[in-house]
1. State whether one or more residues within segment 124-133 are within 12 Å of ligand 1 (Cβ to nearest atom) and touching a helix residue (DSSP H, G or I) at 6+ places or on another chain (Cβ under 9 Å).
2. Please determine, by comparing only the residues of segment 266-285 that are at pLDDT below 95 and away from ligand 2 (no atom under 16 Å from the Cβ), which one is nearest to residue 232 (Cα to Cα).
3. Have a look at 248, 189, 224 and point out the one that is away from ligand 2 (no atom under 11 Å from the Cβ) and crowded, with 17+ Cβ neighbours inside 10 Å.
4. Tally up the residues in segment 222-243 that are in contact with a strand residue (DSSP E or B) (Cβ under 7 Å, 6 or more places away or on another chain), more than 10 Å from ligand 1 (Cβ to nearest atom) and either farther than 22 Å from residue 82 by Cβ or assigned to a loop (DSSP other than H, G, I, E, B) (or both), please.
5. Out of the residues in segment 246-262 that are in a loop (DSSP other than H, G, I, E, B) and under 15 Å from the mean Cα position of the chain (by Cα), state the one that is farthest from ligand 1 (Cβ to nearest atom).
6. Return a yes/no flag: does segment 263-277 have any residue that is more than 13 Å from the chain's Cα centre (by Cα), crowded, with 19+ Cβ neighbours inside 10 Å, in contact (Cβ under 8 Å) with a residue 24 or more places away in the chain and part of a loop (DSSP other than H, G, I, E, B).
Ligand SMILES: O=C(O)CCC(=O)C(=O)O
Ligand SMILES: [Fe+2]
């Protein structure tokens with residue numbers, strides 16, 4: 001896998017972002033910044049979209065304030081959808097968007113990646129991540145259109161098929177993907193940018209990125225063996241429901257308010273995962289990753 005190439009693009013993307021921020025401070029917003037797919041998804045530019053984004057953030061805050069029940073294991077399955085987010089700007093797609101059919105919920109499928117694939121991803125990630133910036137315990141690599149990569153892309157497709165199959169076969173489009181590593185004790189040194197403080201914060205995926213309909217995590221580490229703590233925890237009104245990462249396990253869930261979640265505190269070890277987000281809206285899917 002061309003990791004040197006990855007690193008080069010990564011640094012280039014960071015510099016581009018910083019340049020955009022500087023220009024913004026001078027009230028000069030570069031064109032590409034406004035027109036890029038990511039900006040369209042993160043901050044809808046229509047007035048309706050911006051209002052909906054504020055509403056979504058507020059609903060997310062209210063959900064966080066309500067959650068505090070006892071910890072218990074997660075029982076996978078469907079559940080009622082939360083209040084709709086972004087209804088006026090992102091129309092739901094029948095048979096795909098979480099609603100009555102397919103219903104909202106959380107599920108898991110084991111052995112989606114083989115042990116050999118997991119071992120290969122583990123060593124590639126450890127090697128590549130040594131050259132990236134660390135934000136406290138978190139090191140991450142966004143797999144945007146600039147980062148198509150062989151083995152990772154294969155697993156992204158596998159995750160997409162597994163989720164689609166479990167939902168009765170809707171067409172899902174990639175809307176975002178990220179490789180993540182949580183490591184305790186955290187890496188120190190020049191590449192440590194220090195914790196932003198929100199690495200383990202409760203959140204609703206769709207409150208942050210409007211186009212997300214389904215969220216998936218493919219784990220390359222096992223809780224209790226590779227690390228301690230670090231469960232995926234769903235914060236329901238009556239309980240906090242824990243799902244344990246296992247090597248090769250795919251966890252997936254509807255991205256809306258019904259699935260407020262966080263990662264449990266970690267005491268030691270390394271937790272590796274591939275996060276993939278899907279949209280039912282062809283217009284908001286990533287062009288590069290759309291093809292089979
Ligand atoms: O790694 C996990 O288990 C969850 C990560 C997550 O919630 C996210 O990236 O949005
Ligand atoms: Fe999330």
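1. no
2. Top of the filtered list is 280.
3. 248
4. The total comes to 5.
5. Looking at residues that are in a loop (DSSP other than H, G, I, E, B) and under 15 Å from the mean Cα position of the chain (by Cα), I get 256.
6. For segment 263-277, residues more than 13 Å from the chain's Cα centre (by Cα), crowded, with 19+ Cβ neighbours inside 10 Å, in contact (Cβ under 8 Å) with a residue 24 or more places away in the chain and part of a loop (DSSP other than H, G, I, E, B): absent.
The values are calculated or read from the model by the stated rules, or taken from the named source; none is laboratory data. Here the structure is a predicted model, which is why all the values come from computation and not from measurement. Methodologically, a virtual Cβ is constructed for each residue, glycine included, from the backbone with ideal geometry; neighbour enumeration extends over all protein chains shown.
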